[in-house]
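Notes follow once the structure below has been shown.
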Amino acid sequence: MLVDSHCHLDYPALLKDREGVLARAKAAGVVRMVNIGTTKKGFDEVRATAEACEEVYCSFGIHPHHVNEEGEDLSEDEILRLGSLPKIVGIGETGLDYYYNRSPKEMQQESFRRHIRVAMKLDLPIIVHSRDAEEDTTRILREEAQGAVKPKGVLHCFSSKRILAEEALKIGFYISLSGILTFKKSEDLRATVRDIPLDRLLVETDSPFLAPEPYRGKVCEPSYVVNTARVLAEIKGVSEEEIARQTTENFFWLFSKVSKP
């Protein structure tokens, strides 16, 4: 039994074959999927898939790429309203992306803070995207964790420097691994993952992106999370069954609103 903690089933490449995608996931032992929101304008499709499919849940958030777009730089109250809807189990995808820098850094940072504050109000995990922004990501998480209520969450699709993983673990966050873990060039990532406690790890696909080996270059889908889990088992020196058990247990601990099968 496995869980895909982060996928984008609303993207056309997956949406056009939704039933086939879900059937292949089920056949692979993937029992739950979190369909991730990245924009307000695309949220209806994200939510519709979750409401139509028992095994699919969803999140609401504005990806850092989109916070500068018209209608996407939402207030805390708007994020709170949408994040309170049924089958919403997390807030995000939010965070910082200084690699593409499609939105001004100041806007990304303020949007990130709003999402964190809403997640704490709702007692939901925050789903964090961070690329080339390790220092500001850790600084903002630390600052927002100063109050009585602490944020909980996950660094999704982790491929950043070791320091970000170490700082996130100190705050109590989880680290989620995608198909990048299987890439030949990812030895630094694998070295970092060897030192992360197994009880702080999740697996994901980030479908339709980043298909793991041996599917690299193809459209990724939730069933491929098996391949990432297999490589993770090799890295940690445990069985595939143990990786499936522990990452699934971690998922249900973090995403506590998701019903167990």
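Here are a few things to note about the model shown:
- Cβ-Cβ contacts under 8 Å between residues 6 or more apart (or on different chains), taken from a first residue in segment 125-153 that is of a type in the set (Asp, Glu) to a second residue that is assigned to a strand (DSSP E or B), are listed as ASP132/ASP97; ASP136/LEU96.
- Any hit, segment 180-190, residues being more than 16 Å from MET1 (Cβ to Cβ) and of a type in the set (Ser, Thr, Tyr): yes
- Which listed residue is closer than 15 Å to PRO197 by Cβ and not small (Gly, Ala, Ser), from GLU242, GLU213, GLU234: GLU242
- Filtering GLU234, GLU167 for residues that are more than 28 Å from ALA50 (Cβ to Cβ) and either at pLDDT 95 or above or within 17 Å of the chain's Cα centre (by Cα) (or both) leaves a single hit, GLU234.
- Residue ID - surrounded by the most Cβ atoms within 10 Å (Cβ to Cβ), chosen from residues in segment 198-241 that are of a type in the set (D, E, K, R) and in contact (Cβ under 8 Å) with a residue 24 or more places away in the chain: GLU204
- Unmet criterion (only one of (1) touching a Phe, Trp or Tyr at 6+ places or on another chain (Cβ under 7 Å); (2) under 23 Å from SER130 (Cβ atoms)) for VAL258: (2)
- Residue within segment 199-210 that is under 25 Å from VAL89 (Cα atoms), part of a helix (DSSP H, G or I), β-branched (Val, Ile, Thr) and in contact with a helix residue (DSSP H, G or I) (Cβ under 8 Å, 6 or more places away or on another chain) present: no
- Number of positions in segment 59-90 that are β-branched (Val, Ile, Thr) and either surrounded by fewer than 22 Cβ atoms within 10 Å (Cβ to Cβ) or under 19 Å from ALA48 (Cβ atoms) (or both): 3
- Taking segment 14-44 as the range and being surrounded by fewer than 16 Cβ atoms within 10 Å (Cβ to Cβ) and in a helix (DSSP H, G or I) as the test, the residues that pass are LEU15, ARG18, GLU19, GLY20, ALA23, ARG24, LYS26, ALA27, ASP44.
- For segment 1-29, the set of residues classified as in contact (Cβ under 8 Å) with a residue 40 or more places away in the chain and under 16 Å from the mean Cα position of the chain (by Cα) consists of LEU2, VAL3, ASP4, SER5, HIS6, CYS7, HIS8, LEU9, TYR11, listed by residue number.
- Condition check for ALA48 on (1) part of a helix (DSSP H, G or I); (2) closer than 26 Å to ARG245 by Cβ; (3) not charged (D, E, K, R): one failure, at (2).
- Within segment 158-173, one or more residues are in contact with a Ser or Thr (Cβ under 8 Å, 6 or more places away or on another chain), under 21 Å from ASN35 (Cα atoms), of a type outside the set (A, V, I, L, M) and open to solvent by 40 Å² or more (accessible area, probe 1.4 Å).
- Positions within segment 127-145 being open to solvent by less than 20 Å² (accessible area, probe 1.4 Å), more than 10 Å from LEU164 (Cβ to Cβ) and touching a strand residue (DSSP E or B) at 6+ places or on another chain (Cβ under 6 Å), in sequence order: ILE127
- Residue within segment 56-73 that is touching a residue at least 40 places away in the same chain (Cβ under 8 Å) and of a type in the set (D, E, K, R) present: no
The values are calculated or read from the model by the stated rules, or taken from the named source; none is laboratory data. Predicted, not measured: the structure shown is a model, and the values here were computed from it. Positions of Cβ are generated from backbone atoms using ideal geometry, with glycine treated the same way; all protein chains shown enter the neighbour counts. In case anyone asks, the SASA skips ligands and DNA or RNA and just uses the protein heavy atoms, side chains included. Shrake-Rupley method; radii C 1.70, N 1.55, O 1.52, S 1.80 Å.
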